[in-house]
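First comes the structure, then the notes that go with it.
Just so it is clear, none of the values below were taken in a lab; they were calculated from the coordinates. Keep in mind that this is a model prediction, so the values were computed, not measured. A quick note on method: Cβ atoms are made from the backbone with ideal geometry, for glycine too, and the neighbour counts reach across all protein chains shown.
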């Protein structure tokens, strides 16, 4: 049976935990607005970029694009011996099931590709730690990027894209898959698993109608060179969006987790306070009883 | 010429200007500076890091842009830059420091250093400095 002192101590510690979780929630809430804004402000650029590429790509079919090195980004590579993975997680925990769901998805992917050699690019401390812990797989960490959240910038995306492209230069690499959390709403995140490379042909089919627009355009320095520099940028822009999404999703997840934790702490405190009061009351009652019965015994 | 150009400057992190009416734009194209007036032929060019200027009546504005693409289509001018900075916001002292740092990094040239990155940083610093000086002269 816990004594009064024990319960008081317990209440105190729960209170201080609640303070921490509440503070973390407020921090996440303040940051999430910024994260959402940066998603919004990155959108016009990404849209225009996609349009530009789509337009150019339509023109590219007739050009001598087949020999260009950028062409290989589109090629499917059947029978490849290794596979690439870009796993984007958070740097820190305390954000509910954010990381564990991601790692579960990654584990699923690893199981599917266990026959191949696996090359991973880790973004976020949790993903790196997870990959390092893994044993019994033919796995190599090609690149890791740790500590960029919550201040992910385009520079990081650019760096990441450079590394992804370098990875894809290996002829034995079949594809690069991307696993990350998408920011769906403040309450929900969605795990997304897409193939980053090879680039999809759909880019060009979607916007075939726009092709005519570009018929009488002049290009500098030549369409081919233009596309060769555009495509890596496209990947950077895409990765930038992914980083921002993941960042916002992480903050949202942390906010929810910390709110739940604060609520639980409050409930716990309420319960404990009730128990404390009851116990104190019982003690008082017993003492009173003793005094009264003692007085009666003396007087009677 | 009654019509004007509609200028849009976008970077991945921020939309600087959307559909602003201007009279004249000068962009740092890959093979040299390029002036655009209303009625220009449509084109797509790659940009290198440099100075972007535009004129709206008597108001002039200068931007630093760091590599990207420009598309002119009809009266619309679209700049997709990797980074852009309003000249007014560039601090000369900081630019000079960045320049020095980039130069030092290049001079040291460690074994595992990324040469491309260092050179890009140097080029950016040069552009910032150039703009800072440009600003001093015209103010």
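Table for the structure above
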{"quantity": "Cα shape, the range A:27-256, gyration tensor, a/c 1.5 rule", "calculated": "oblate"}
{"quantity": "FRET efficiency estimate (nearest 0.05) - Cβ-Cβ, residue A:263 to residue A:50, R0 45 angstrom", "calculated": "0.60"}
{"quantity": "Ordering of A:250-263, B:58-71, A:139-152 by burial proxy (mean other Cβ atoms within 10 Å per residue, highest first)", "calculated": "A:250-263, B:58-71, A:139-152"}
{"quantity": "Estimated inter-spin distance, residue A:72 and residue B:73, nm [label 7 Å along Cα→Cβ]", "calculated": "3.2 nm"}
{"quantity": "Relative contact order %, the range B:5-87, counting alpha carbon pairs below 8 Å whose residues are six or more apart", "calculated": "31 percent"}
{"quantity": "Average beta-carbon neighbours from other chains, 10 Å sphere, peptide A:158-168", "calculated": "1"}
{"quantity": "Residue-averaged beta-carbon neighbours from other chains (10 angstrom radius) around A:145-155", "calculated": "1"}
{"quantity": "Inter-chain Cβ neighbour average for residues A:44-51, partner chain, 10 Å", "calculated": "5"}
{"quantity": "Mean Cα-pair separation over length for chain B, i.e. relative contact order, pairs under 8 Å, 6 or more apart, %", "calculated": "20 percent"}
{"quantity": "Convex hull per residue volume in Å³, alpha carbons only, for the protein assembly as shown", "calculated": "244 Å³"}
{"quantity": "Relative packing of peptides A:13-19, A:172-178 - highest average C-beta neighbours within 10 Å first", "calculated": "A:172-178, A:13-19"}
{"quantity": "Within a Gaussian network of chain A (alpha carbon springs, distance under 10 Å), most fluctuating of A:134, A:167, A:103", "calculated": "A:134"}
{"quantity": "In nm, spacing of pseudo-spin labels at residue A:39 and residue B:37 (7 Å Cα→C-beta vector)", "calculated": "4.6 nm"}
{"quantity": "Cα long-axis angle, helix B:92-108 against chain B (0 to 90 degrees, to the nearest 10)", "calculated": "50 degrees"}
{"quantity": "Helix A:4-60 axis, angle to chain A major axis (alpha carbon atoms, nearest 10°)", "calculated": "10 degrees"}
{"quantity": "Chain A: angle of helix A:223-299 to the longest principal axis, Cα-based, in degrees nearest 10", "calculated": "10 degrees"}
{"quantity": "Value of relative contact order over chain A, rounded to a whole percent, pairs C-alpha under 8 Å and six or more apart", "calculated": "32 percent"}
{"quantity": "Percent breakdown of C-alpha pair distances by 5 Å bin, ordered from the shortest bin, for the range B:5-87", "calculated": "3, 17, 31, 30, 16, 3, 0"}
